[in-house]
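What follows is a set of notes on a single structure, which appears directly below.
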Amino acid sequence: MVCRRRLVRQDGEASEILTWWVPQHLADGTWLADPAPLHGSIRAHLARRKSVQIDHVVEQVVARHPAAQEARLLGITRSAPVLALYVTARDASGQPVLALDIAMAGDTHELEDAYQVG
């Protein structure tokens, strides 16, 4: 697995911690293991460099307390709420091609989802 972590800032303040994993065989021959910031989305990069097509995504949102490193990076206490978004992107065969862990300070974020039914 190739893993990268990034601290996202908004208006100069720490906003979220984004951690993602890609299987090594998909990262080979791409810039995903390069420590420089990736321009564009991981999804577009995988599609362009490896012809990976994401078929569906499974998301889970949980409220929890931050790990010590998360609290330090986000500038919050260990007892503050964190919204954690866990995402697994899969190809048409069901194989995971990308996993994301996004940790956000719970008192400064609100999540909204909208989708068509039927």
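The values are calculated or read from the model by the stated rules, or taken from the named source; none is laboratory data. Because the structure is a prediction, the values reported are computed rather than measured. Methodologically, a virtual Cβ is constructed for each residue, glycine included, from the backbone with ideal geometry; neighbour enumeration extends over all protein chains shown.
Scanning segment 12-59 for residues that are part of a helix (DSSP H, G or I) and in contact (Cβ under 8 Å) with a residue 60 or more places away in the chain turns up just one, Leu26.
Here Arg78 fulfils each of the conditions (1) over 20 Å from Leu26 (Cβ atoms); (2) at pLDDT 95 or above; (3) touching a Leu at 6+ places or on another chain (Cβ under 8 Å); (4) not β-branched (Val, Ile, Thr) apart from (3).
Listed here are the residues, each with its yes/no results for (1) over 16 Å from Thr88 (Cβ atoms); (2) among the hydrophobic types (A, V, I, L, M, F, W, C).
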residue	(1), (2)
Ala14	yes, yes
Trp20	no, yes
His25	yes, no
Asp28	yes, no
Leu38	yes, yes
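All of Asp113, Asp34, Asp28 fail the test of being out of contact with any helix residue (DSSP H, G or I) (no Cβ under 7 Å at 6 or more places or on another chain), over 20 Å from Met1 (Cα atoms) and loosely packed, with under 15 Cβ neighbours inside 10 Å, apart from Asp113.
Looking at Arg9, Arg78, Arg72, Arg5, can you tell me which residue is closer than 20 Å to Met104 by Cα and in a loop (DSSP other than H, G, I, E, B)? Steps first, please.
On the way: Arg9 fails: in a loop (DSSP other than H, G, I, E, B); Arg72 fails: in a loop (DSSP other than H, G, I, E, B); Arg5 fails: in a loop (DSSP other than H, G, I, E, B).
Only one candidate qualifies: Arg78.
I'd like the full set of residues that are under 13 Å from the mean Cα position of the chain (by Cα) and either surrounded by 16 or more Cβ atoms within 10 Å (Cβ to Cβ) or at pLDDT 95 or above (or both), limited to segment 3-14. Spell out the reasoning first.
Taking segment 3-14 first, the residues under 13 Å from the mean Cα position of the chain (by Cα) are 3-8.
Scanning segment 3-14 gives a single hit, Arg4.
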